[in-house]
Every structure is written in C-alpha cells, then in structure tokens.
Amino acid sequence: MKNKKTGLVFFPAFDWAISPTHPEREERLLYTRDQIFEEGVLDLPEIEEYAPRLATIHDVARVHFCVPRVQSQVTEAHLIAAGSATLLADAIIQGELKNGFALVRPPGHHAMRVVHGNRGFCNINNEAILVEYLRRHHGIKRIAIVDSDVHHGDGTQDIFYHDPDVLFISFHQDGRTIYPGTGFPNELGGPGAYARTINVPLPPGLGDETFHYVVDNLILPILDDFKPEFIINSAGQDNHFTDPLGSMRFTARGYAEFTRKLNPHLAVLEGGYAIETALPYVNLAILLALAGHDYSYIEEPERPGRMQENPERAAMVKRIVDQLRDIWENRDRVDLDKIFGTGTFYQRRKHIYYDTDYIEEEQLEKVRRCPNCPGYITIDSRADHGYGHPSHVFCVSIPFAACGACQAEAYDVYQQARKSSQYQYIYLQDKSTDTFLAFDRDKGQEWVSEGPGVGE
Amino acid sequence: MYIGIDVGGTCTDAVLLDRGAVRATAKVSTREDLLLTLLEALDEVMKGINGELIERVVFSTTVITNLIAEKKYDPVGLILMPGPGLNPNLYRFPTDTYIIQGAIDYRGREIIPLRLAEVDRVAEELAARGYRKVAVVGKFSCRNHRHEKEVAARLRWNYPNWHIEEGHQVAGQLNFPRRVVSTYLTCATREKYQFFVRSIREAISQRGIKGGVFILKADGGTLPLESSLEVPVETIFSGPAASTLGVQALMPPGESAVVVDIGGTTTDLALILSGQPLLASRGVRVDDMLTHVRALAVKSVPVGGDSVVERVGKDIVIYSERLGAPYCLGGPVPTTTDALRVLGLTRLGDAERAREAMQILGGPLGLSPAEVASQVTGEVIETIVQEIENMFTRWEQEPAYRVWEVLQKKKVRPSTVVGVGGGAAGFISQIAARLGGYPVIPPYAPVANAIGAAVARPTLQVTLRADTEQGFYIIQEEGYQGKITDRSFNEEKALELAKEWLCKRASRYGLEDCMEGLEVTRREVFNMVRDWVTIGRLIDITVQTRRGILYHVGGGGYRYEK
C-alpha cells in the first residue's frame, strides 16, 4: 500500500452545462483547476493523473431504466463522468493505485433506478454504475457508499434500497429544510436489506465538530462491522460554510480530516456550488488527504466565524446517532415481518419530482421477498412531463445474486407485461447474466443489450 | 544562405544551406570551450564563402545545460509567498528558502497582505549569508504580480547591487513550484549567459556575417540572440528539437512519423504528427527539478551505437556508458556497433575486429559471434520499440478537460519510422518492422540536427488573460497588467488586443516579418455567473507566430512550408 499512488481523473467538462446560468455549468471547476495546477500537486510523486474514459451504454443499462432508452437520457459528458469512476476503480483493483479521486462533473447521486429526466442536476448515478461494474467485472461483493453531500443521496438510496450487499450511509442537511426532502432515520432499507441504508439528517448551521461526531461514533463503527471490500465516497462539497444552496458550516480541513478517517478507495465528486470560496480548497484538501499529504496549511480566504454550534441541535444529532447505532447493532435481531408485513411481495409507492425537468413521476415498486436471494424488483412508473400523454413504463430488475426461481419468475413477469396494453415500454434488467431487454410496444420491437459492442 | 549548428555531447554538427540544397556539412568534436567549438564548426562550413552571403545563423547551445550540471553559478536565495495550500515544507529547493507572508488567489485578489518589515528582515539575513542574487516568487503571481513587484522594489531600494528575478516575468503559466525553479535557474545563469552572448556576437561580426543570429530553444522555436537573454533557461535541451525539425525538413510536408535519433550512447525518440513535432504537455526536468520550460515531447533512451556490451556471468549486458569508439573502429571494448558489423548491418570499421569483439563476449558461453550479435541487436531494438510504444501510450493518456477532446482521441500510429544519427542505419529497418511501419533514412540523416537548426522558425507567443468583472487584463510574457476600460470588451476584442501585443513584441525583437499566419493556440472563455446573473467573463487567449520550419530540404529544389 505504502508506495502506491493516488489516481486522479480531473474532468471539469469545460464545454458542458445544463444551461448557461445553471449552477451545473462550465465554470464550476474552473477555479479548482487553477488551484490544483498552481499548487503543482500533479507533479507530486504520490499523485497520478489519468485521462478520462467513457462508460458504455451497457454499463448504464446495468443500473438504470432510462426512458425510452439510455441514449435519450445521457450525453457524452455523463458517460465520461461515470467512465472516469470505473477507470480509476480498475486501476485500484489491479493494484496500480491505492485510491482515487474522480473529480468529475456532471454529478449523479440524485439519479434513481428509473430515469425519466434530470433531477437534482443528475441524469445517471455515477456511484451506482461503479458498484454494478465492480460486481460484474471484478467480483467484488460487499461495497459501502458514504455520501457526504449536503443533499440526501436519494438516487443512490433508491437503487440499493433492497440490496443487502451495498451499505449506503448518507449524512446531509435535514430534509425538511433542503432538497430533495428525504433522508430521515426511518429510511432503513427494504425487508431484504434492513439497516443497509442509514440516514443522518443534520440540523442547519452545524459545523466540523458535529460532522466528526457522526463520523467517529456512527460511520466508522458501522463500516468496521460491515467490512466492505470497497468504499466509495460520494464527495459532495456543499456542506461547506460558504455554499449557496446548503446551510451547513463544514470547512475544507473538516472534509480532509473526514477523507483521511474514511480512507475510501474512491471519492467521486457530487455537488458543491461555492465554486470560488469552497471548491478550490475542498477539492485540494480531499486530494491531499487521499495522497496522505499534510492538508493543515489549506485555509479558505473567508473563515466560518467563531459561532458556537447550537447545543440543542448538536444534542439532537447525538440522539439520532445513538438511535441509529442501536438499530445497526440489533439489525439481525429485529422482527422484519413486524415492520414489512408477511406478503410474498413488499411494495411501496413513491412520488418522485424531477426539479430540473419538471417531471412528476408515480411509482409502485414491488420486491419479491425471497429466502434465497435479494429478490427481483418490479416497478410500475408513470411520468407526467406536463405536456402530452404521461409515459407509462414497466421495469423488472433481477439482482446480481438472484436465485434461479426469482430469475425465472421475473422473466415470466416481463413476458406478461409485454402483453399488457397499458405500458409504452417494458424493461428487463437481468444483472445475474448481464443482459438487458427493452420492449417498445408501439413498434412491437425488442432491444437487447448483452454487453459493449452490442447495440452501440 | 543559412547556417545551422547543433552542439552535442561528443560532436558538433554544422550545415550550410543554399535555399533547399545542402552546400556544406561539418562535424567537429565538442570541446570544453563551447565558443571555440561553435566557431570551429562555423569556419568549417563557411570555407570559401563570403560572410555577407550568410542571411541567418542558428545554433543550439549547451552553455546553460553545462552551467547547471556543473553548478558553476553564483548562489541564489529564494523569497517565496506560497500563502495557504500545500505545506511549503514539501517544496524542496536546493538553496536557502525564506517564506514570507502574503497571498494572492486564483483570480489575482489579495487574500493576505505583505509585511514589508518581514521583507527587510529576510533580506538582511540573505545579505548576511552572502547572497547577491535573489529570486522572488509568489503563488498565483501570474494572476497578479503586485506582491512580487513590491518585494523586488523593496530589495532593490535597500540593495541596489543585487540581481533580482521576479517569478511572473519568467513563467506565466500556472504551477508555483515550477515557477520557483524556473526563476531560480534564470537568476542563477543570466549573468554568465550574457557573457556568452557577448562573445558570440563579437566572433560573428568578426567573420563579416551581417545576417540574423538565432538560438534554438527546446520547443523547436528560435529566438534572436539578444532576445534569448530574457529567457536563458529556454535554450537548454535543444538538441532533440534540432533533429526532429531536421526530419521534418527532410520529409514531405504534412506527414506523420516516429523519429529515432540513435547517437553514441543515447537514442532520442520524438513524434511528428501531421507535419508538426509534438510538444510535451509539461515543462522539462532540469538537474532533477521540474521547470516551466517547454520542449518537444522527446524520450531519451540510454542506448546507442557506442554503448558498451559486457558479459556478466552468463548474461550479456548492454550498458548506457561509452568507453570510446566501437572495437571494430579501434576502440577498447565491444559495443553495439560491433554487433551490427558482424550481422552485416553496417559497414563501419573492420569486420574481423567486430567478430573478435563478439567472440570475447560469447566464447566462454559457447555462443558464436553471430549468435551474440543478434542477441545484442535484438535487445537494443526491443528496448527502443518498447519505449516508442510507451511514448504513444503516454500521448494517448494525456488528460482532456472537455467533452470534444475526449471524443476526438484516437489511436494514431504513424507508419513511417525515420532514422537519423550515426547509429540509425543498422537498427532502423528492424525497428520499423517491429512497429509495422516503413523505415526511412533521409539523405543527410547524419546532419539532420544541423539542418533542423538552420530552418527552425523564430517563435513568439503572447498569452492574454482578461477578467472583465475586475476590469483588468494581463499579458503573461510581458508581465503587464492593464485596465479594461471598454465596457463592451469581449472575446473578439481580446483576440485583437493579444495580436497587438504580439506585434509589439515581434517588432521589439526585429521579427516583424513573422506576423503572417498567426496561430491561436488557446481560446477559453468562461462566463462568470453569480446568483443566476452573468457578471463578467474570464478570457484566456494565446496567439503565436507559426511554429515549425522555414522550408523543406532535399531534392535540389526547395519548397516553402505552406
């Protein structure tokens, strides 16, 4: 480990924006580039810069049901951001690197399993694509994602909600005060993956002290127990005290300290829109922490002020931490039937709002409760774009570790749905064989993606 | 008529060109005294030619390289203003380094003020330690040089005899540690370089040459002799640039090729892509320190025609050093050239002695001379081919920061492999075969480097950065900061302004005739948006005079590069 390097893919997408004045625009990583180049960190022997790479359409289809097709939801910039994460992961698994930082945009942690459009500045989920890539290409089983963005990583949570092998921990500003309005302690995962989703909402205004209380007393102990083979940090930087969208008071050094403690294999940039006052410093701090360098000389020009943390709010966080520790420790003793009922399917209804594209989506998600595997999932999704007919699709997802019975049953469900007249598109995602099908009812045509080179 | 002179480690090559034709060539041994070497080469190609007929003399120089390698310069003290960021103790510079307060950010705003009392205290310490040369460098000084200027002015006021260099005048690109090194080396070598330039100037005028005298730089451009005084460090490592430009001149225009320059102990590899030599993306390493000096992307491999071959136990090993001429040419020990001789791949030297050399190596191992010879050449070829492959990979792996840059990346493998340098003839066909390309040894290959020097174009560039919100612009190469008064200042106006500055610079250097065919090599515009409103623009523009060569050589006639 000692003499291995930290890999960096810096992809600021200087020619890509959601719209000219949108926070997710060309300028976002400009000052970060200036800072990183001027410091000369790319000349440090411990840091190696890599050229970005495109993810394949197949890599995206392994995670998402893009409506109508992957190609209609992603631009090349999205594929480069996702591909940069998988590129670094390849080098880490092959032993070339000890860890890596995908300092890339556009971000992805609000992108859910079904994608009708852009929500929370995200179209496809870079971390989720990485997780499925690691399982398919490197045989990695247990993976943890720790989301340090000020916004709840609801997309990542949605994708792995029923996945017992992926631990998702998100701490973020309390959803009652910020987009997307979710991420409460009672969101703990489905019946097959109970307590594999952990949410720590933080009251606005808290700083590094509380941040590190959560890290030391909840995140690190849980990771210690879970023993993931690979740790991913969804490295949002909008908890910074100067962020225009968030109201937290974390500092660049606080982020660096967190990175050192978490020691992730890969950090993937998410949000963070204080492009001048925070990003140059936080990105530099994370990179130095990953490379094992001293970050104590990094200081933002503005200071967070001497404001004492509000003791009541800090105490509230401590209570949540205690409560979640308790849930985690008793996760295997809890009576799941009491929480989730006893049916063969567990189902939940979701209303999803796409803030960027103004789409309203209604979902009915069902997961097969299988004693032998995580169970297949079906999703009935209707999206209202505000014009024309709402699109209505049906999705079937077979998990990576599916049992034969679930796989067979899921294929039947897919065939049945193809006969129904209510859906425009019907999708089948078989992660166990890496095969993805899509049926267009109007055209009576089925697309098959069996890997790169097919259908691309 | 043009003269090109390239000074190498062992040999100095010179050539006299009359339009597209080579009129004379010369090869002299490189002596201790660089000036004498240059003049000897010059006199040899000028035999019987009136000095007045010479329109242009271009030479490469190793004066700075030697000064630095032998550390024959006065000590330089460093005063740095790194501000917040990396731990400044991580930077290790080979001299006394003083860190003072003061910091500028990426947009040139002051974030920590200077303390002049601290400057005075540090200056006293430097004086007490005997320093008279000081380099002053701040982080982001290329975005605002105020702190550097203030410190330098203070030092000059207190110590009028000191030689002070400011970072922003030496290196305008981002990368603070490299700026420190470049400024340090400039400060260290400028005085001695001045002396060298003066002697050259005198010697040349004694020979009645009234044409322009130019110095070749590592990036393949040239500078008028006097102007090179501004950037002495840019004259290092120009040898590989000379050979690459030479190949460019000897090849049809617009072609792509791998250039393999096999010398006595090193082989230099370079790429010509669509007729233009590939530039390295980062500055060169000098004396194990990273600088901002731009150079062609050249990889040196420590193997050549005079490389010593020895038997170590049961292995036959090729060493990077040279112990004299090859055995077949009367040298003391077996070399790679002896192996080529045995295989009939060169006609140099005596065949019998070459066999003898291989026998010395292979005899005790029961190997025939032919077996030893093919083993040795095989290894040389393998090493070079491997490095060429690595070079392609590195080039393909260059980072890209825009979507279109990522999408346009493709595998390019030039099909032409050009051999130059003394050792090329024996190896090049096999190297080309391994790479699946065609071997080419152009006419005048042994003096391609001197030809490259003779036809290298003068290059000048100007980099403009405008911050319309703050209302100022910077000309990096000039260390100039000016106000933007025009409220409708935009990209087009910025480009015009950059061109104006380039014109001014060109006329100062007496290079007005280079202004044709300007190239815009960088054009970046970012809208600054705050709270959903565009409040200004950041515009970065680099314009330069055309790079490359003045004309192609060979075939009797001459073709100007379009």
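At-a-glance table
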{"read-out": "Rounded, prolate or oblate (a/c below 1.5 giving rounded, otherwise prolate when a/b exceeds b/c) for the stretch B:240-296 by Cα gyration tensor", "value": "oblate"}
{"read-out": "A:HIS212-B:ALA21 FRET efficiency (beta carbon distance; Förster radius 51 Å; 0.05 resolution)", "value": "0.10"}
{"read-out": "Equivalent-ellipsoid semi-axes of the protein assembly as shown, from the Cα gyration tensor, Å, largest first", "value": "58, 36, 27"}
{"read-out": "The stretch A:343-449: Lys pairs at Cα distance under 24 angstrom, eight or more positions apart or on different chains", "value": "6"}
{"read-out": "Where Rh is the Kirkwood radius over Cα pairs, Rg/Rh for chain B", "value": "1.01"}
{"read-out": "Total charge dipole magnitude, the protein assembly as shown, about the Cα centre, Cβ charges on Lys, Arg, Asp, Glu only, Debye to nearest 20", "value": "900 debye"}
{"read-out": "Zone residues, the stretch B:508-522, relative to B:GLU492, backbone N less than 19 Å from point 7 Å out along Cα-to-Cβ", "value": "B:520"}
{"read-out": "Structure-based [θ]222 nm, chain A - -39500 (n - 2.57) summed over DSSP H runs of at least 4, per residue, nearest 500", "value": "-8500 deg cm²/dmol"}
{"read-out": "J(HN,Hα) series, the stretch B:477-489, from Karplus relation 6.51 cos²θ - 1.76 cosθ + 1.60, nearest Hz, glycine and proline x", "value": "5, 9, x, 9, 10, x, 8, 9, 9, 5, 6, 9, 4"}
{"read-out": "Hydrodynamic radius by Kirkwood, which averages 1/r over all alpha carbon pairs of the stretch B:287-349, in angstrom", "value": "13.6 Å"}
{"read-out": "Euclidean distance of C-alpha centroids, the stretch B:481-533 and the stretch A:271-325, integer Å", "value": "40 Å"}
{"read-out": "On Cα atoms only, tilt of B:351-362 relative to the major axis of chain B in degrees", "value": "80 degrees"}
{"read-out": "Any cysteine of the protein assembly as shown lacking a neighbouring Cys Cβ under 4.7 Å - listed by number", "value": "A:CYS66, A:CYS122, A:CYS370, A:CYS395, A:CYS406, B:CYS11, B:CYS142, B:CYS187, B:CYS328, B:CYS503, B:CYS514"}
{"read-out": "Cβ-Cβ FRET estimate between B:ALA117 and B:SER300, R0 fixed at 56 Å, reported to 0.05", "value": "0.70"}
{"read-out": "Dipole of chain B, positive direction: furthest Cα of B:LEU216, B:LEU278, B:GLN461, with charges on the beta-carbon", "value": "B:GLN461"}
{"read-out": "Theoretical gain in end-to-end length, B:GLU52 to B:GLN397 [0.36 nm per residue, Cα-Cα removed]", "value": "119.3 nm"}
{"read-out": "Chain B: angle of helix B:176-206 to the longest principal axis, Cα-based, in degrees nearest 10", "value": "70 degrees"}
{"read-out": "Using θ = phi - 60° and Karplus 6.51 cos²θ - 1.76 cosθ + 1.60, couplings along the stretch B:271-278 (whole Hz; Gly, Pro as x)", "value": "10, 10, 10, 6, x, 10, x, 7"}
{"read-out": "Hydrodynamic radius (Kirkwood) for the stretch B:252-441, which is based on Cα pairs only, to one decimal in Å", "value": "17.8 Å"}
{"read-out": "Computed magnitude of the charge dipole of the stretch A:132-241 (debye, nearest 20; Cβ of K, R +1, Cβ of D, E -1)", "value": "380 debye"}
{"read-out": "Other protein chain Cβ atoms within 10 Å, averaged over every residue that makes up A:13-21", "value": "4"}
{"read-out": "Whole-percent pair-distance distribution, where bins are 10 Å wide, for the alpha carbons of the stretch B:78-185", "value": "16, 53, 29, 2"}
{"read-out": "Expected-Rg normalisation [2.2 N^0.38 Å, Cα atoms] applied to the stretch A:243-321", "value": "1.19"}
{"read-out": "Most to least packed among A:291-304, A:115-128, A:183-196 [average Cβ atoms within 10 Å]", "value": "A:115-128, A:183-196, A:291-304"}
{"read-out": "Extreme residue, positive dipole direction of the protein assembly as shown, given options A:THR433, B:ALA445, B:TYR91 (C-beta unit charges)", "value": "B:ALA445"}
{"read-out": "Charge dipole (debye, nearest 20) of the stretch A:1-118; +1 at Cβ of Lys and Arg, -1 at Cβ of Asp and Glu", "value": "600 debye"}
{"read-out": "Quotient of Cα Rg and 2.2 N^0.38 Å for chain A, N being how many residues it contains", "value": "0.94"}
{"read-out": "Reachable lysines, given that their alpha-carbon falls under 23 Å from the alpha-carbon of B:LYS411 and they are not under 8 places away in the same chain", "value": "B:LYS299"}
{"read-out": "Restraint check, A:LYS261/B:LYS139; A:LYS5/A:LYS227; A:LYS227/A:LYS318; B:LYS71/B:LYS133; A:LYS5/A:LYS261, Cα-Cα greater than 26 Å", "value": "A:LYS261/B:LYS139"}
{"read-out": "Computed label-point distance, nm, for sites B:LYS411 and A:ASP43 using a 7 Å Cα→Cβ extension", "value": "3.4 nm"}
{"read-out": "Computed [θ] at 222 nm, helices only, for chain B once each DSSP H run of length n ≥ 4 contributes -39500 (n - 2.57)", "value": "-10500 deg cm²/dmol"}
{"read-out": "For the stretch A:186-256, alpha-carbon Rg over 2.2 N^0.38 Å", "value": "1.24"}
{"read-out": "Folded to 0 to 90 degrees: helix B:491-508 orientation relative to chain B principal axis, Cα", "value": "70 degrees"}
{"read-out": "Spread of Cα-to-Cα distances over 5 Å intervals beginning at zero, given as percent, for the stretch A:332-456", "value": "2, 10, 17, 19, 19, 16, 10, 5, 2, 1, 0"}
{"read-out": "Long-range amide H partners of B:PHE472 with built H, under 5 Å", "value": "B:ASP467, B:ILE484"}
{"read-out": "Share, in percent, of DSSP beta bridges within the protein assembly as shown that are antiparallel, nearest 5", "value": "60 percent"}
{"read-out": "Cα-based Kirkwood hydrodynamic radius, the stretch B:461-544, one decimal, Å", "value": "13.3 Å"}
{"read-out": "At least 24 Å along the helix axis (C-alpha) and Kyte average at least 0.5, DSSP helices within chain A", "value": "A:76-93"}
{"read-out": "Length gained when the stretch A:GLN415-A:LEU336 is fully extended (0.36 nm per residue, less Cα-Cα span)", "value": "25.3 nm"}
{"read-out": "Note, ³J(HN,Hα) from phi for the stretch A:139-149, Karplus 6.51, -1.76, 1.60, rounded to Hz, x at Gly and Pro", "value": "x, 7, 9, 9, 10, 10, 10, 10, 9, 10, 7"}
{"read-out": "Size of the stretch A:99-254 as Cα extents on the principal axes (Å, biggest first)", "value": "41, 37, 32"}
{"read-out": "Sequence-distant lysines (8 or more away, or on other chains) whose Cα lies within less than 27 Å of B:LYS504", "value": "B:LYS149, B:LYS210, B:LYS217, B:LYS483, B:LYS493, B:LYS562"}
{"read-out": "Residue (of B:VAL137, B:ILE49, B:ILE111) at the positive-pole extreme of the stretch B:1-159, dipole from beta-carbon charges", "value": "B:ILE111"}
{"read-out": "Förster radius 35 Å - calculated FRET efficiency between B:ALA128 and A:SER296, Cβ distance, rounded to 0.05", "value": "0.65"}
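A short reminder: the numbers here are calculations on the coordinates, not readings from a lab. Predicted model, so just to flag it, every value in this text is computed and none were measured. No Cβ is skipped: glycine too gets one built from the backbone with ideal geometry, and neighbour counts run over all protein chains shown.
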